[in-house]
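This report refers to the structure that appears directly beneath it.
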Amino acid sequence: MDQERTSQEITSLVGREVYSNNGVFVGEVEDIKLDLGTEVVTGLALREPNEELFGQQVRGTRGILIPYRWVRAVGDVVLVNDVVERLETPEEEGEEVVA
């Protein structure tokens, strides 16, 4: 594959929506992280990440960076492993909520 075609394919990821393989919206690709030495994509920078998945850590931030190894498939949208959904911390049983 020639370098021009590869760079066009990489830049075509920008703007695509990212979903978990369970269909949960994760965010939208804003940029790509590359290892320039090996010319390999190592991460996806997502804007407007799903606050329900990432909690308050993403509130007020420009976005998040997810490892490219989480990507399962690329098509009209990008599918990532459901590991993203497991980042959300479940409430512990019996934990009191003080208002």
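Taking amide H atoms as placed 1.01 Å from N in the peptide plane, the amide H of V80 lies under 5 Å from those of Y19, S20, N21, R72, each 5 or more residues away in sequence or on another chain. E17: net charge of surrounding residues, Cβ under 12 Å, Lys/Arg +1, Asp/Glu -1, itself excluded? Around E17, the surrounding residues sum to -2. A Förster radius of 22 Å, combined with the Cβ-Cβ distance separating L36 from S12, puts the computed FRET efficiency at roughly 0.70. Rolling a 1.4 Å probe over the heavy atoms of the protein chains gives the stretch 29-73 an accessible area of 69 Å² per residue.
For every other residue with a beta carbon closer than 10 angstrom to the beta carbon of R47, add +1 if it is Lys or Arg and -1 if Asp or Glu, then tell me the sum. Write down the numbers at each step before the final one.
Working: positive: R62; negative: E28, E30, D31, E48.
Neighbour charge sum, excluding R47 itself: -3.
The values are calculated or read from the model by the stated rules, or taken from the named source; none is laboratory data. Since this is a predicted model, take the numbers as computed values, not measurements. In this analysis, Cβ positions are derived from the backbone assuming ideal geometry, glycine residues included, and neighbour counts consider all displayed protein chains. Surface areas here come from the heavy atoms of the whole protein model, side chains and all, with no ligands, DNA or RNA. Shrake-Rupley method; radii C 1.70, N 1.55, O 1.52, S 1.80 Å.
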